[in-house]
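The structure appears right after this line, and notes come after that.
Taken together, the values in this text are just the output of simple stated rules run on the coordinates, not laboratory data. Nothing here was measured: the structure is a model prediction, and the numbers come from that model. Heads up, the Cβs are rebuilt from the backbone with ideal geometry, glycines too, and the neighbour counts pull from every protein chain shown.
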Amino acid sequence: MLRTKEQRDILCRSCPIARVANLLGDSCSLLILRDLLESPRRFSELEESLVGISTRTLTNKLKVLEREHLLHKTTPGKSAHVEYTLTTKGHGLRGIIKEMRAYGKKYL
C-alpha cells in the first residue's frame, strides 16, 4: 500500500494503470460515471441514485471529475437546473465500466 502522496505520485508517473486507479479508485466516482454513461443527470438524480452519499461527498467527487475533464456541467435551454454530462474523455471509460459490470456479474 502506498503510504504517502509522494509514493503515489511516483508510481502514477510511471504506470498508466496506477493513474487510472488513482483517479477512479473510489466506488463513488465509478458509480457517477456509470450513471452518466446512461444519460445526463441533475445533481438530485445522482444523489438519489447513489443511496447514502452525502451532498458534500457528491459535490467533491463531481468537482474532481470535472477538473479531470471526465464530465462537465451544462445548463440545458433556459433552465435554472444544471446537468452533468460526460465529455469525450469520460465516454472513453465506457469499455472499462462495461467490463467491470460483466466481471461483477460473472464472478461476484
Original post:
According to a simple spin-label model (label point 7 Å from Cα along Cα-to-Cβ), what is the distance in nm between S79 and S27?
Top reply: 2.9
**OP:** Kindly express, to the nearest 10 degrees and within the range 0 to 90, the angle between helix 55-67's C-alpha long axis and the longest C-alpha principal axis of the chain.
**Re:** 70
Original post:
By how many degrees, 0 to 90 and rounded to 10, does the Cα axis of helix 94-107 deviate from the longest principal axis of the chain?
Top reply: 70
**OP:** Work out the FRET efficiency for E68 and E38 from their Cβ-Cβ distance, taking R0 = 25 Å, and round it to the nearest 0.05.
**Re:** 0.80
Subject >> Placed amide H near R42: partners under 5 Å, 5+ positions off or other chain >> reply: Y84
Original post:
For the range 73-88, in order, what is each residue's ³J(HN,Hα) by Karplus, 6.51 cos²θ - 1.76 cosθ + 1.60 with θ = phi - 60°, in whole Hz (x at glycine and Pro)?
Top reply: 8, 10, 10, x, x, 9, 5, 8, 7, 9, 10, 9, 10, 7, 8, 4
Original post:
Using the alpha-carbon centroid of each, what span in Å lies between the range 1-46 and the range 49-77?
Top reply: 12
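Which entries of K63/K106; K5/K105; K61/K89; K73/K105; K5/K89; K5/K106 show an alpha-carbon separation above 28 angstrom in the structure shown? Working shown, then result.
On the way: K63/K106 33 Å; K5/K105 33 Å; K61/K89 16 Å; K73/K105 32 Å; K5/K89 25 Å; K5/K106 34 Å.
K63/K106; K5/K105; K73/K105; K5/K106, as the Cα separations exceed 28 Å there.
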**OP:** Starting from one equal scatterer on each C-alpha and no solvent at all, send me the Debye-based log10 I(q)/I(0) for the chain at q = 0.12, 0.14, 0.16, 0.23 Å⁻¹, two decimals.
**Re:** -0.47, -0.63, -0.80, -1.33
